[in-house]
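The values are calculated or read from the model by the stated rules, or taken from the named source; none is laboratory data. The structure displayed is predicted, hence computed values, not measured ones. Backbone-built Cβ (ideal geometry, glycine too); neighbour counts: all protein chains shown. Surface accessibility is based on the protein's heavy atoms, side chains included, excluding ligands, DNA and RNA. Shrake-Rupley method; radii C 1.70, N 1.55, O 1.52, S 1.80 Å.
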Amino acid sequence: MKLSRAASRYAKAILDLAIEKKEAAAVNEDMKTILTTVHNNKELQDSLKSPVVKTEQKRGALRQVFANTNGITMGAFDLIVDNQRANILGDVATKYILLFEEMNKREVATVTTAVEIDEALEVKILAKAKELAGKEVTLEKKIDPSIVGGFILRVGDKQINASVHSTLGELKREFASK
């Protein structure tokens, strides 16, 4: 996952402030909410990226959508929007979560599935992710219908691609070479 340098810098600054104020865990929960909301809401993504939408409208939208967030998170919204960087808010949240987990000696594993997974399967995937990482793991779930079925598990720089889409691609290449 390639994140912009700006997103990394904002995330680091937010984490440093949150640690200083002893609110890093609360801000981490806010960042998880932000990440999920931004990724699942195309309309919000478009408005944050749009140069036509005014700064005050972006700030108002973020304050309204994330009304129950920590003061540090609200301040981060102001800073990011004022600096014309609202388009990288999702990346800032992602990087913050990664930095927070790294600080707490945990790894973030991402599992992508075509549909929502049940609790029993989540436990099995989490066990496999812990085995790959060799340490405590936090599981982040994503849904991508384009993989058709199966899953893609990413832990650090390791990836297990057991998706139907990948398998079909392999079969297609195999038949094409014969």
Compactness relative to 2.2 N^0.38 Å, alpha carbon Rg of the range 92-178: 1.24
Prolate/oblate/rounded label for the range 1-74 (Cα gyration tensor, a/c 1.5): prolate
Of all accessible heavy-atom area on the chain, the percent that carbon and sulfur account for (1.4 Å): 53
Between 0 and 90°, nearest 10: helix 24-40 axis offset from the chain longest Cα axis: 60
Burial ranking of peptide ranges 121-131, 45-55 (average Cβ count within 10 Å, highest at the top): 121-131, 45-55
Calculated FRET value between ALA133 and LYS49, using beta carbons and R₀ = 30 Å, to 0.05: 0.35
Gap separating the Cα centres of the range 33-91 and the range 98-156, nearest whole Å: 26
Net dipole in debye of the range 30-131 [+1 Lys, Arg Cβ; -1 Asp, Glu Cβ; about Cα centre; nearest 20]: 260
Accessible area per residue in Å² at 1.4 Å probe, computed on the chain: 61
Folded to 0 to 90 degrees: helix 5-20 orientation relative to the chain principal axis, Cα: 60
Acute angle (nearest 10 degrees) that the helix 89-103 long axis makes with the longest principal axis of the chain, alpha-carbon atoms: 80
Global geometry of the range 18-125, whether rounded, prolate or oblate, following the gyration tensor of its Cα atoms and the 1.5 cut on a/c: oblate
Charged-residue dipole, Cβ positions (Lys, Arg, Asp, Glu), the chain about Cα centre, Debye nearest 20: 500
Whether the range 118-160 is rounded, prolate or oblate, judged on the alpha carbon gyration tensor where a/c under 1.5 counts as rounded: oblate
Length gained when the stretch GLU56-LEU79 is fully extended (0.36 nm per residue, less Cα-Cα span): 7.1 nm
